[in-house]
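Quick notes on the structure that follows.
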Amino acid sequence: MSVVSEQSPRTSGNNSSANVREINVAHSPDSDDAFMFYGLATNKVRVPGLRFSHTLCDIETLNQKAREGMYDVTAISFHAYPYIQDKYALMACGGSVGEGYGPMVVSPRAFTEGEIKKKRIAVPGTLTTAYLALQLFAPGIETEVVPFDQIIPQVLEGKYEAGLIIHEDQLTYDKSGLHRIVDLGKWWQKVTGLPLPLGGNAIRRSLGPDLMLAASNALRNSIQYALDHREEALSYAMQFARDLDAPTADKFVGMYVNERTLDYGPDGREAVRRLLDMGHKAGIIGPEARVDWV
C-alpha cells in the first residue's frame, strides 16, 4: 500500500519541479505510525523544496528493504540497525519505546516462564526487536516466522503453542482467550531499569548532512503537530487501527507516540545502546553497533 504526500509549497513557472527534492519515506501501516506521520502525509507540515512520498509496509519487510538501502527514510526495528548502519543513521525522533511494556508471548495455556522457554514460538520476524528481546529472555528458544497479523489466528488454530505479538495485538489478545505469559518490555525494565526501544526511523547517510537534518526536523514537526492536534490525527490514524475502537486506538497511540517520540532522552538513547550491545555480546547480532543520531 502506498500513498504520496506533496510537501512542497505551491510554485509557478517552469523551474518548480526542478527545485523540489523528493524524499521517499517508508513506515508501517499501523495506527501509531500513521499518527506520527499525519502532519506530513496530509500536508499540515510542509518543507520548502521537499516533497515526501510515503510507502506503507510491514516492519519485517522494511527491515529487509533497509538492508538494500531502498528508502531515504525508513522505519526499522532497532534489532536491524547494526546491519544497515553503514547506509543509515538513526533519527533522534520517531521512536517507539515501551515504558515497562512491549511485545508479549501469549498462549491458550497459562504456561510458566520456565515452561514457555521450551516451546516453539511463532515470531513476527528475525530482525524485529521483539525477536531480539525474546532471544535475550530465552537464549536459543525455538521459533518460526509467521506474518505478525497471523500469529494469534495460528496460535488459536493450534499450529503453535505460543506466539510473540506486536502492534495493536498487545491490547486485544485477551479477547481471543489467550494468556499473557511474559511481557518483554516489563522483563527488560526489570533487568536493566530502562525502557525497551522497539523501533525507530533511520535516514540514508548519502542524503548529506543538510537534507538529513531537514528531513529529521520535518518528522519531528509532524509528530508535534499530531500531539498538538490529537483528535484529528487520531481520526486519520483510525483507518490503520485494525478494527480497534476509538478508545483502544487512542490508548495504543498514546503508548508509542508521546514526548519520548519527539526525543528519546538520555535513558532512551542508553537503552538503544544497551539493547544492541547485549544482543551482540549474546551472539544474536553479528555486527557491533555504532549508534549515531541525527
query: Has segment 37-46 got any residue that is under 16 Å from the mean Cα position of the chain (by Cα), open to solvent by 10 Å² or more (accessible area, probe 1.4 Å) and under 30 Å from residue 246 (Cβ atoms)?
result: yes
query: So which helices (runs of 4 or more DSSP H) are wholly in segment 91-197 and hold at least 3 residues that are surrounded by fewer than 19 Cβ atoms within 10 Å (Cβ to Cβ) and not aliphatic (A, V, I, L, M)?
result: 113-116, 184-192
task: Identify the residue in segment 223-267 that is hydroxyl-bearing (Ser, Thr, Tyr) and closer than 10 Å to residue 94 by Cα and, among all such residues, is nearest to the chain's Cα centre (by Cα).
output: 256
message: I need the full set of residues from segment 261-292 which are open to solvent by 20 Å² or more (accessible area, probe 1.4 Å) and in contact with a Phe, Trp or Tyr (Cβ under 8 Å, 6 or more places away or on another chain), in order please.
response: 269, 286, 287, 289, 291
field: residue 220 of a type outside the set (Val, Ile, Thr), under 21 Å from the mean Cα position of the chain (by Cα) and either buried (at least 17 other Cβ atoms within 10 Å of the Cβ) or part of a helix (DSSP H, G or I) (or both)
entry: yes
message: I'm told residue 239 meets every condition in (1) part of a helix (DSSP H, G or I); (2) at pLDDT 95 or above; (3) within 22 Å of residue 73 (Cβ to Cβ) except one. Can you identify the failing condition by its number?
response: (2)
task: Identify, by number, the condition in (1) touching a residue at least 60 places away in the same chain (Cβ under 8 Å); (2) in contact with a Leu (Cβ under 8 Å, 6 or more places away or on another chain); (3) not acidic (Asp, Glu) that residue 204 doesn't meet.
output: (2)
- request: Looking at (1) within 30 Å of residue 82 (Cβ to Cβ); (2) open to solvent by less than 70 Å² (accessible area, probe 1.4 Å); (3) touching a Gly at 6+ places or on another chain (Cβ under 7 Å), find the lone condition where residue 225 falls short.
  value: (1)
query: Just checking, how many residues over segment 250-260 are part of a loop (DSSP other than H, G, I, E, B) and crowded, with 19+ Cβ neighbours inside 10 Å?
result: 1
message: Cβ contacts < 6 Å: first residue at pLDDT 95 or above, restricted to segment 136-155; second residue surrounded by fewer than 19 Cβ atoms within 10 Å (Cβ to Cβ) and outside any helix (DSSP H, G or I), any location; separation 6+ or different chain. Result?
response: 142/120
field: In segment 53-90, the residues that are open to solvent by 20 Å² or more (accessible area, probe 1.4 Å) and part of a loop (DSSP other than H, G, I, E, B)
entry: 57, 58, 68, 70, 71, 86, 87
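The values are calculated or read from the model by the stated rules, or taken from the named source; none is laboratory data. The model shown is predicted, which means the values in this text are computed figures rather than measured ones. Every residue, glycine among them, receives a Cβ derived from its backbone with ideal geometry; neighbour counts consider all protein chains shown. Surface areas here come from the heavy atoms of the whole protein model, side chains and all, with no ligands, DNA or RNA. Shrake-Rupley method; radii C 1.70, N 1.55, O 1.52, S 1.80 Å.
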